[in-house]
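I have placed the structure first, in the form of structure tokens, so that the comments after it can refer back to it.
The values are calculated or read from the model by the stated rules, or taken from the named source; none is laboratory data. Just so it is clear, the model here is predicted, and its values are computed rather than measured. So basically every Cβ, Gly included, is an ideal-geometry build from the backbone, and we count neighbours across all protein chains shown.
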Amino acid sequence: MELFASNRPLHTEQTPCLILGVFEQKKLSASAQEIDKHIDHAISKLLERGDLSGSIGHSLMLYHPHGLIQAERILLIGCGKEENLNSFSFQKIIKHMTDVLSQRNIQDACSTLHLLDLKNQGKEGDKTDRKSDKNKDQKNNNLKFKVALSIRAISHESYKFQEFKSKPDTHHKTLNKLVFSCPDQKNLDLLAQINQGIQEGQTIAEASIQARYWGTLPSNICTPSYLANQAEKIINHLKNNFKNTADKLSIKIYGEPELTQMGMNCLLAVGKGSREETKLIVLSYQGSPNPTDKPHAIVGKGVTFDSGGLCIKPRQNMCDMKMDMCGAAAVISTFEAAVKLNLPINLIAVVPAAENMPDGNAFQPGNIIKSHQGLFVEIVDTDAEGRLILCDAMSHVISEYKPQSILTTATLTGAIIISLGHHLSGLFTNDQDLADKVFEAGKKSHDGVWQLPMNDQYQDQINSQVADIANLGKDGAGSITAASFLSRFVGETPWVHIDIAGTAMAPQGATGRPVALLVQYLMDLV
């Protein structure tokens, strides 16, 4: 999709479709009021007749509008009550606009919806006094923010996975070109804000779509080797197409012989029952002007299929376990977005990738495995494999790169769905300042998280009678005990874990979360 900013007067905009917002109670947005003057108040007359209520989800198309405007038609989009408009309802409005344009086969349009005034945060998160609540109205009415959010919403609504359809849905039309109107033709700062929003929004949207695509691929295609090959292609693409990145980027892909030498025994154990080779993928970006700056690290779970191993899962919904690598997809895609945005930070992205299968060679309940860090882990359940591959990956990145912070993300526990459902991801931490930054990034990006406790009492639930630690906790609190397990491997490094089991996977496929959150977090570091 081609995206542009335009500072032409709205009534002179030559476009197949001009998109205007109208509110309930027959109230026009500022842009609609401006156009209404040029078409003999046709919009006001329609609202007076009751042809459009202005409610969210309602719309009306005006064909061949008479008057002194250049647009071929006008699409009026209901925006609800003006005083209730927040960034969540704004996303609904944008998604409805996208659906209407697709249904009408309109692939070229000019929008003014990003000019709507967002009043408050509404139901976007908790109402506690967090740092993220400061200046929230100012943030919500930042043009860059609204343009980027628009692009992400359009991209999410337009995406359709049809890779394996022999007869793809040709009726599914998407926008080819969208122009964002600038409200003040003389204000170049506003035009710059829109262009910045286009760059950020498009970069994050593309990264999210890539993560969705990989997550929805079947596991006979998206294997550990496939992820490694895709990561290598991304590095080569970035080096060849983005200026001054060649000497800033590197990638290391470790196979099973190297992993054995490195002592990555927990990672290797998970993949023992599979014919697919286990991999460790490490991507490095030296974007900081100070090469001695410690990097920030992001680590994503890459179990490309999780049968549960010998503790095999039930048949129902097992096919969804192809998406157990959504953390890996998000981390690689986030890394690419950070480079494209030219963020002045040093960044390490790490993906432990394996397939968890039952086999005569598979690891077994009761096994004791020496981790990369040196802790001995008792295997209570082979279906608690995500924490095993993450603990070795975390230990490796901490010992090799000494990061100033580390974020892990994984479809780690079904228990997080019981706690938070499918709207918010679970957040766990050993450092409250870092947790606050991630929480704020979640609110700003609309990829929200909710913090759960990490009290010392939960550590007792993962103690083992025969080893240093057990890979499964006792007596409930499954998400917390899984995070408590990971906390044993980070030492003093500031760390946040994001459990995305409820948010990264959906019946229609992968969602692309938490790409937006991770990219926003990295942008906020600058």
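Tabulated data for the structure shown
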item	result
Residues that are in contact with a Phe, Trp or Tyr (Cβ under 6 Å, 6 or more places away or on another chain) and surrounded by fewer than 22 Cβ atoms within 10 Å (Cβ to Cβ), drawn from region 283-297	none
Selection from region 42-53 of residues that are of a type outside the set (S, T, N, Q), surrounded by 15 or more Cβ atoms within 10 Å (Cβ to Cβ) and out of contact with any Lys or Arg (no Cβ under 7 Å at 6 or more places or on another chain)	ALA42, ILE43, LEU46, LEU52
Qualifying residue in region 352-359 (condition: in contact with a helix residue (DSSP H, G or I) (Cβ under 7 Å, 6 or more places away or on another chain) and among the polar types (S, T, N, Q))	yes
Answer from SER419, SER405, SER399 - the residue that is surrounded by fewer than 18 Cβ atoms within 10 Å (Cβ to Cβ), over 24 Å from ASP306 (Cα atoms) and at pLDDT 95 or above	SER399
ALA246 buried (at least 19 other Cβ atoms within 10 Å of the Cβ), at negative phi and in contact with a helix residue (DSSP H, G or I) (Cβ under 9 Å, 6 or more places away or on another chain)	no
Residue under evaluation GLY491, criteria (1) more than 24 Å from HIS156 (Cα to Cα); (2) under 24 Å from the mean Cα position of the chain (by Cα), criterion not met	(2)
Filter result for the condition that a residue is of a type in the set (A, V, I, L, M) and either within 18 Å of the chain's Cα centre (by Cα) or buried (at least 24 other Cβ atoms within 10 Å of the Cβ) (or both), over MET262, MET323, MET318, MET357	MET323
Residue ID - modelled with the highest pLDDT, chosen from residues in region 447-456 that are touching a Phe, Trp or Tyr at 6+ places or on another chain (Cβ under 7 Å) and part of a loop (DSSP other than H, G, I, E, B)	LEU452
Those residues of region 335-380 which are under 19 Å from SER284 (Cβ atoms) and of a type in the set (S, T, N, Q), in sequence order	ASN342, ASN346
Of all residues making up region 86-105, the number that are closer than 22 Å to ILE35 by Cβ, modelled with pLDDT of 95 or more and out of contact with any Gly (no Cβ under 6 Å at 6 or more places or on another chain)	7
Residue satisfying all of: in region 326-348; touching a helix residue (DSSP H, G or I) at 6+ places or on another chain (Cβ under 8 Å) and not in a helix (DSSP H, G or I); surrounded by the most Cβ atoms within 10 Å (Cβ to Cβ) among these	LEU347
Residue list for region 292-312, restricted to those being over 27 Å from the mean Cα position of the chain (by Cα) and either part of a strand (DSSP E or B) or touching a residue at least 12 places away in the same chain (Cβ under 8 Å) (or both)	GLY309, LEU310, CYS311, ILE312
Qualifying residue in region 33-41 (condition: free of Cβ contacts under 8 Å to residues at least 24 places away in the same chain, more than 31 Å from the chain's Cα centre (by Cα) and either in a loop (DSSP other than H, G, I, E, B) or not assigned by TED's automatic domain parsing to the domain that holds LEU115 (or both))	yes
Set THR174, THR223: member being in the same structural domain as GLY512 (by TED's automatic domain parsing) and farther than 20 Å from GLY21 by Cβ	THR223
When residues of region 285-301 are limited to those that are of a type in the set (Gly, Ala, Ser) and out of contact with any Lys or Arg (no Cβ under 8 Å at 6 or more places or on another chain), the one farthest from VAL380 (Cα to Cα)	SER288
Residue that is under 35 Å from the mean Cα position of the chain (by Cα), part of a strand (DSSP E or B) and farther than 20 Å from SER158 by Cβ, where the choices are LEU3, LEU20, LEU62	LEU20
